[in-house]
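Derivation of every value follows stated rules applied to the coordinates shown; laboratory data play no part. Nothing here was measured: the structure is a model prediction, and the numbers come from that model. Cβ: placed from backbone, ideal geometry, glycine included. Neighbour counts: every protein chain shown.
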Amino acid sequence: MKKLILSAFLAITVTTGAFATGESKISYFVLSSFKHDFKDVTNVTWSSKTGLAKASFTYNNQRMDAFYNPDGKLFATSKSINLDDLPVSAKRSFAKKYEGYAVKEAIKYESQEEQSYYLSVENEKESLIIKVDENDRLSLLKRVK
């Protein structure tokens, strides 16, 4: 009887912990790499889509995401940034091309292949998602009225 109660308690504890963080669906290789790449992180939650594992967490008091392939190799990171952190030429291009739009959020995306920025902007008529590429060129990704 004691073994049954102990087994049930252990199962509930493990299931609850895995459900809270989403780690149950994440491979050992990914978890191990993440723990090596990012020390002293808090509030880690996991999800998995399109073959990549995504860790959302707080690192140095900043919200970040890290994306890993199934083998545990870091694929990309993203983090919220201040508009002041955008390259000067990108800020100028944005101000000229999207006059009257206010930036709601700016995100820096880094992978081995590219470094880019994504801006969520809006005016009284619509919201836009704009990508700023490595050459500070702007491209419209999404428009919502």
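The charge dipole of the stretch 68-122, taken about the Cα centre with unit charges on the Cβ atoms of Lys, Arg (+1) and Asp, Glu (-1), comes to about 200 debye, rounded to the nearest 20. Explain nothing, just the number: relative contact order of the stretch 89-130, from Cα pairs under 8 Å at least 6 residues apart, as a whole percent. For the stretch 89-130, the relative contact order is 30 percent. With R₀ set to 22 Å, the beta-carbon distance separating Lys39 from Arg63 gives a calculated FRET efficiency near 0.85. Considering only Leu141, Val30, Gly72, the residue lying farthest towards the positive end of the dipole of the stretch 18-145 is Leu141, judged by Cα position with unit charges set on Cβ.
With a ≥ b ≥ c the root eigenvalues of the C-alpha gyration tensor of the stretch 82-145, is it rounded (a/c under 1.5), prolate (a/b larger than b/c) or oblate?
Details: a/c = 1.92, a/b = 1.52, b/c = 1.26.
Here the stretch 82-145 falls in the prolate category.
Shape of the stretch 44-131 from its Cα gyration tensor (a ≥ b ≥ c, root eigenvalues): rounded if a/c is under 1.5, otherwise prolate when a/b > b/c, or oblate?
Values: a/c = 2.22, a/b = 2.07, b/c = 1.07.
Prolate is the answer for the stretch 44-131, as a/c is 1.5 or above and a/b outweighs b/c.
Estimated from the Cβ-Cβ distance and a Förster radius of 41 angstrom, the FRET efficiency linking Arg92 and Leu52 is about 0.75.
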